[in-house]
Amino acid sequence: MKAKNFPQLALLSLVCVACVQNPLAQAPAASSAPNTPPTPTPIQTPSISPPVQTPLAQEPAASPAPNTPTPTPIQTQSPNPTPVPTQTSLEVAQKTTNSLPPEKTYDLRVIDNQLWRRLTKITFGEDSIIVTMVITNGSKEVVILNAENSMYLYDNDGQRYNLLPPSNNTQIMIKPGTTLKGQFVFVGWLQPKANNLRIYSTINDSRSFITLFDKIPIDR
């Protein structure tokens, strides 16, 4: 019995060995499933992040400079600017240069050629000299003091200031027995070197001059 079974066992071993060594015999086992298309493998799409805009104000923060101040525009200015003369400054300079004396009150009296004259005040302005006078005609005839514009002031520095005659009595005519009182305006500002004044005028014609007031003192 033992001798008869031995050949069968050997045959079974050979069959198994042939199955292992034959690759074709194992192929049906690998494709035992029906012809089903392979399941597609999903493609992994990388997520795309939307673009992020960085504010411009944050850009310097990426590489901050330590303690860097913001530059300030430099304003260039001359150290000692020369002021441009204006009309006001010129007027002030002119007043200082002229050294105009203050208004002065007088009580000067002169009697000559039947004319009683009294000078009471002089005001010195920037463009005029105003003299307040009282003149009485004691004669029996009309007296004319400004014939042909010949009444004027004269200072000790040689400057002449012509009378600006009033529109209602340009010849300064004084009737007999009457008194003329008013402000006589002479054109021009007083010269800096002047320290006294005289008042001259013609009387009745342009050839006869008289001195109405002589050496009127001026306080500086």
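Selection over region 178-210 of residues that are basic (Lys, Arg) and under 17 Å from TYR154 (Cβ atoms) gives a count of 2. Among residues of region 173-220 being assigned to a strand (DSSP E or B) and among the basic types (Lys, Arg), the one that is nearest to SER128 (Cα to Cα) is ARG198. Scanning region 116-134 for residues that are outside any loop (DSSP other than H, G, I, E, B), open to solvent by 60 Å² or more (accessible area, probe 1.4 Å) and farther than 15 Å from ILE174 by Cβ gives a single hit, LYS121.
Taking the listed residues ASN146, ASN137, ASN113, ASN204, the one that is over 57 Å from the mean Cα position of the chain (by Cα), open to solvent by less than 20 Å² (accessible area, probe 1.4 Å) and touching a residue at least 40 places away in the same chain (Cβ under 8 Å) is ASN137, with no other qualifying.
Of the listed requirements (1) modelled with pLDDT of 95 or more; (2) buried (at least 17 other Cβ atoms within 10 Å of the Cβ), GLN183 misses just one: (2).
The values are calculated or read from the model by the stated rules, or taken from the named source; none is laboratory data. Note that the structure is a prediction, hence the values are computed from the model and not measured. Cβ coordinates were reconstructed from backbone atoms using ideal geometry, including for glycine residues, and neighbour counts include every protein chain displayed. Side chains are part of the model used for accessible areas, which takes the heavy atoms of the whole protein and leaves out ligands, DNA and RNA. Shrake-Rupley method; radii C 1.70, N 1.55, O 1.52, S 1.80 Å.
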